[in-house]
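Trainee: Could you have a look at this structure, given as C-alpha cells, before my questions?
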Amino acid sequence: MLYDLIIVGAGPAGLTASIYASYHKLNHLVIGDIIGGTPLEAALIKNWPGTEAISGVELMKNFVRHAEGLGGKIAQGRVVSLKKGKDYFEVGTDREVYQAKTLLVAMGTRRRKMNIPGEDKFLGKGVSYCATCDAIFFKNKVAAIIGGSDSAAAAANLLAEHASKVYIIYRNSELRCQPAYLEQVKKNPKITVIYNTNVLEVHGGKKVESVFLDRPFEESQLLKTDGVFVEIGAMPSTDLLNEIGVALNPQGYVAVDEWGKTNVSGVYAAGDITTNTMGFNQIVAAAADGATAVNAIYRHLKEIKK
Ligand code: NDP
C-alpha cells in the first residue's frame, strides 16, 4: 500500500500530526519505537494546557487514544532504513517495509552521555538516565545528579522526595533551569548544588559508591553517593536522515522552515528533532509543530496531485 503520509516517531509531535492527518483525511501511518516518546519519563506534567497536573504516561495514553480514535494507525517498530524512490519514500523497520508519498520525521532526541569511566559499567547499578523511573529506589539513599538545567533540577526535586541527600553537580556557577524549579531546589534542605565542578569518574564495587570530582567538595574529590543521574540534555535522533539527503544545521538538528519543510521535497520534520523547537523541548511546542507540518503536507499533496 502507498500511504499519503508516514510519520516516523510516536511522541507528542508524531501523535498530534496523526490527529491532524486524520482531520485532513490523509491515509497515514505512525511508526514509533517508544509509543509516547520522551514525556513517558516525566513524573508530573504541569504545563500541558487544560490539564493542571498529569503524569507523562497518562498524558501520552490520552494522545494515543485520541489519535487511534480518529482512525490513525500506529505501528510499533524501530525504523532501520529510509529510502527515496522516484515519487515515493520507503521506510524499513525491524519488522516490515512501508511506502508513502510524504514523510514526517518526528523522532525527537536521545539522551546525551557523559562518556566517563564507570558510566557504562554501572548502568542499571546506580547510573541512570531516568529519575522518574529510578527515584523510587533511592529511599533514604544519596543521589548525585550531573547537569544544571531543567532536567537536572526536575530530577533533584523528584529524588529529594525519596532520598536522604541529593547533590546537583554542575560545571557552571548558576543553574539555568526554570525559575519555578530553581525556587524548589533552593528551598529544599536535602538538595546541595556543587558548582563549577565536573564528574570525572564513577567508582564502585558491585554498585555505585562514589564519584570522583575535578575539584574538592568539602575537602575531598571523592563524593560518596549511591547513584548518579546523568541529566545533561539530549541530541537529535537524525542517524538515518542522511540516507535521503535531509540537511541538518551545524548542531545536528533538522533544518526546517516555519512549516516544517526540509530541503527534500516531500519530507517534513516536527518537534524536538528540528531547528524550530531546538532548546525549547516542550510538549506543547512539539505538538503544535506536528499540527503545522501536517497542514503543509496536506497542501503539498494537493499540489503534486494536480
Ligand atoms: P539542557 O540542554 O537544557 O541542559 C543540559 C545541562 O547539562 C546544562 O546545564 C549543561 O551545562 C549540562 N551539560 C551538558 N553537557 C555536559 C557535560 N558533558 N558535562 C557536564 N554537564 C553537561 O538539557 P535538559 O535535559 O535539562 O533539557 C532539555 C530540554 O528539555 C530543554 O529544552 C528543557 O527546557 C526541556 N525540559 C523541560 C522540562 C519542563 O518543562 N518540565 C523538564 C526537563 C527538560 P551548561 O549549562 O554549562 O551548558
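The values are calculated or read from the model by the stated rules, or taken from the named source; none is laboratory data. No experiment lies behind these values; they were computed from the predicted model shown. Counting neighbours? That spans all protein chains shown, and the Cβs are built from the backbone with ideal geometry, glycine included.
Trainee: Condition check: in contact (Cβ under 8 Å) with a residue 24 or more places away in the chain and either over 30 Å from N263 (Cα atoms) or in contact with a strand residue (DSSP E or B) (Cβ under 8 Å, 6 or more places away or on another chain) (or both). Does I6 satisfy that?
Mentor: Answer is yes for this residue.
Trainee: So, one more: When the range 88-128 is examined, which residues are found to be among the acidic types (D, E), touching a strand residue (DSSP E or B) at 6+ places or on another chain (Cβ under 7 Å) and either at positive phi or more than 16 Å from the ligand (Cβ to nearest atom) (or both)?
Mentor: Result: E90, D94.
Trainee: Here is a further query. Picking from D226, D272, D289, which residue would you name as being in contact (Cβ under 8 Å) with a residue 12 or more places away in the chain and in the same structural domain as K165 (by TED's automatic domain parsing)?
Mentor: Being in contact (Cβ under 8 Å) with a residue 12 or more places away in the chain and in the same structural domain as K165 (by TED's automatic domain parsing) holds for just one of D226, D272, D289, which is D226.
Trainee: Can you name the number of the only condition in (1) away from the ligand (no atom under 13 Å from the Cβ); (2) surrounded by fewer than 21 Cβ atoms within 10 Å (Cβ to Cβ); (3) over 19 Å from the mean Cα position of the chain (by Cα) that A288 fails?
Mentor: It fails just one condition, (3).
Trainee: Of everything in the range 269-285 that's within 13 Å of the ligand (Cβ to nearest atom) and surrounded by fewer than 24 Cβ atoms within 10 Å (Cβ to Cβ), which residue is nearest to the chain's Cα centre (by Cα)?
Mentor: N281
Trainee: When you scan the range 130-137, do you find a residue that is under 25 Å from A287 (Cα atoms), part of a loop (DSSP other than H, G, I, E, B) and in contact (Cβ under 8 Å) with a residue 12 or more places away in the chain, even just one?
Mentor: Looking through the range 130-137, at least one residue is under 25 Å from A287 (Cα atoms), part of a loop (DSSP other than H, G, I, E, B) and in contact (Cβ under 8 Å) with a residue 12 or more places away in the chain.
Trainee: Suppose we keep only residues that are surrounded by fewer than 16 Cβ atoms within 10 Å (Cβ to Cβ) and on the phi < 0 side of the Ramachandran plot within the range 218-233. Which one would you say is nearest to the ligand (Cβ to nearest atom)?
Mentor: Per the stated criteria, the residue is Q221.
Trainee: Further question on the same structure: Restricting the first residue to the range 94-108 and requiring it to be in the same structural domain as G37 (by TED's automatic domain parsing), which pairs with a second residue that is of a type in the set (K, R) meet a Cβ separation below 7 Å and a spacing of at least six or different chains?
Mentor: D94/R78
Trainee: Condition (residue is within 19 Å of A285 (Cα to Cα), at pLDDT 95 or above and in a strand (DSSP E or B)) applied to the range 99-106: is it met by at least one residue?
Mentor: yes
Trainee: (1) surrounded by fewer than 18 Cβ atoms within 10 Å (Cβ to Cβ); (2) within 12 Å of the ligand (Cβ to nearest atom); (3) modelled with pLDDT under 95: which one isn't true of A131, the others all being true?
Mentor: (1)
Trainee: Filter the range 59-76 for residues that are part of a loop (DSSP other than H, G, I, E, B) and either over 20 Å from Y268 (Cα atoms) or touching a residue at least 60 places away in the same chain (Cβ under 8 Å) (or both) and give the result. Before the answer, list the steps.
Mentor: Restricting attention to the range 59-76, the residues satisfying the condition of being part of a loop (DSSP other than H, G, I, E, B) are 70-72.
L70, G71 - these are the residues of the range 59-76 that are part of a loop (DSSP other than H, G, I, E, B) and either over 20 Å from Y268 (Cα atoms) or touching a residue at least 60 places away in the same chain (Cβ under 8 Å) (or both).
Trainee: Within the range 31-43, is there a residue that is under 21 Å from T274 (Cβ atoms), over 14 Å from the mean Cα position of the chain (by Cα) and not small (G, A, S)? Show your work before the answer.
Mentor: Keep residues of the range 31-43 that are under 21 Å from T274 (Cβ atoms), which gives 31-42.
Those still in the list that are over 14 Å from the mean Cα position of the chain (by Cα) too: 31.
Narrowing further to those that are not small (G, A, S): 31.
Yes, the range 31-43 contains a residue that is under 21 Å from T274 (Cβ atoms), over 14 Å from the mean Cα position of the chain (by Cα) and not small (G, A, S).
Trainee: Related question: Among the strands (runs of 3 or more DSSP E) confined wholly to the range 141-216, which include 3 or more residues that are crowded, with 22+ Cβ neighbours inside 10 Å?
Mentor: Ranges flagged: 142-146, 165-169.
Trainee: Shifting gears a bit: Which condition from (1) within 16 Å of the ligand (Cβ to nearest atom); (2) in contact (Cβ under 8 Å) with a residue 24 or more places away in the chain; (3) among the small types (G, A, S) is the one that G266 breaks?
Mentor: (1)
Trainee: Here is a check on your reading of the model: is D239 outside any helix (DSSP H, G or I), over 30 Å from L159 (Cβ atoms) and either assigned by TED's automatic domain parsing to the domain that holds A153 or modelled with pLDDT under 95 (or both)?
Mentor: Criteria met by D239.
Trainee: If you don't mind, there's one more thing I want to ask. T192 passes all but one of (1) more than 11 Å from the ligand (Cβ to nearest atom); (2) under 30 Å from T262 (Cα atoms); (3) of a type in the set (S, T, N, Q); which number fails?
Mentor: Condition (2) is where T192 drops out.
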